[in-house]
Amino acid sequence: MIEWDKVALDIAREIEKKVVPLFEKKESKKIVGRNPSGDETKLMDKKAEEIAIRRLSELDVNIVSEEIGNINKNSKYTAVIDPVDGSFNFANGIPFFCFSIAFFEDKKPIYGMIYEFLRKNVYEAYVKNGAYLNGKKIKVNKRRKSYTISFYTLGKGLNLVKKIRRIRTLGSVALELAYLAKGSIDGIVDIRRHIRPTDIAAGFIIAEEAGAIICDEKGKKIWYQLNATDRINFIAVNSEDLLRLVLSNIK
Ligand code: MN
Ligand code: MN
């Protein structure tokens, strides 16, 4: 039996040691290629991904990763990774980015981890077992009277801005999902059709285990897609009330 949490943390720590020192350094921004969805790959993305792939290859699991795409090993297990989510923040000195990894068995989620490098915070969840931050159970915050959400739009649904007390759009949806899970924010709405399964696989597992409701822009459940190129809209919120407010204002 593979201990997914140990595997995840080992990879996170190696990336932390070898790649995070590039934080805020010009060199980290160097463009070294393009990923399967056509975005530029930065040097720090590449270095982080190489570490993750080397480690995961030892386990012979299938890999879906943001920069390289799919590596099929005909295993029943698949790791869906984003070696650094929030690369722009990383390269430009904004301290909000993370490592994201989720494991699936026969396409069903088993475990997800978000590692917040600069604060050394481990957010994790085994499916049906609750969500944890550094070993302590976390839950979404359902008691708030005025909402704080992260809202990504290209112009659609701007009505929502008038109905929400605080908009905080932080630049790493993976880490924002972890912040939703621990109750720091109330929701994330991304309707740019921009987010890939690699960005949110681990965050979905953690947020759901912490009590979040996750769906698409029509309120329909989202199923995990194990690829690096789909572009999706999603809503993740702490309550039915907030979900109703969001859905009625982004039509
Ligand atoms: Mn990403
Ligand atoms: Mn990335």
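Please give the helix 43-57 orientation as an angle from the longest Cα principal axis of the chain, in degrees from 0 to 90, rounded to the nearest 10. Roughly 70 degrees, rounded to the nearest 10. A simple rule links phi to the HN-Hα coupling: the Karplus curve 6.51 cos²θ - 1.76 cosθ + 1.60 with θ = phi - 60°, which for segment 187-199 gives x, 9, 10, 10, 10, 8, 6, 10, 6, 9, x, 5, 5 Hz, with x for Gly and Pro.
Of the chymotrypsin sites (Phe, Trp or Tyr not before Pro) found in segment 188-251, the ones in coil according to DSSP and having at most 13 other Cβ atoms within 10 Å of their Cβ are 223. Quick check: the angle from helix 4-18's long axis to the longest principal axis of the chain, C-alpha only, nearest 10 degrees? Once rounded, the angle reads 80 degrees. Straight-line reach from residue 139: taking Cα to Cα under 21 Å and skipping same-chain neighbours fewer than 8 places apart, the lysines in range are 120, 128, 182, 221. GNM remark for the chain: springs join alpha carbons under 10 Å apart, and the peak mean-square fluctuation among 146, 87, 65 falls on 146. Taking 7 Å steps out from each Cα toward its Cβ at residue 5 and residue 40 produces label points 4.0 nm apart.
Within the shell defined by Cβ-Cβ distances under 15 Å, the residues around residue 158 carry a net charge of +3, with Lys and Arg each +1 and Asp and Glu each -1. Calculated FRET efficiency, residue 161 to residue 251, Cβ-Cβ distance, R0 = 22 Å: about 0.90 to the nearest 0.05. Whole-Hz Karplus values for segment 70-86 come out as 9, 10, 9, 10, 6, 8, 7, 9, 10, 9, 10, 10, 10, x, 9, 9, x Hz, taken residue by residue from phi with 6.51 cos²θ - 1.76 cosθ + 1.60 and θ = phi - 60°; glycine and proline positions read x. Under the criterion of Cα pairs below 8 Å and six or more residues apart, the relative contact order for segment 118-251 equals 27 percent. Spatially, segment 13-85 and segment 152-173 are offset by 29 Å when compared through their Cα centroids. Here the Karplus curve 6.51 cos²θ - 1.76 cosθ + 1.60, taken at θ = phi - 60°, turns the phi angles of segment 237-251 into couplings of 9, 8, 7, 5, 4, 5, 4, 4, 4, 5, 4, 6, 10, 10, 4 Hz, with x standing for Gly and Pro.
Since every read-out is calculated from the coordinates, none of them should be taken as a lab result. The structure presented is a predicted model; accordingly, all values stated were derived computationally and were not measured. As a convention, Cβ positions derive from the backbone with ideal geometry for all residues, glycine included, and neighbour counts pool all protein chains shown.
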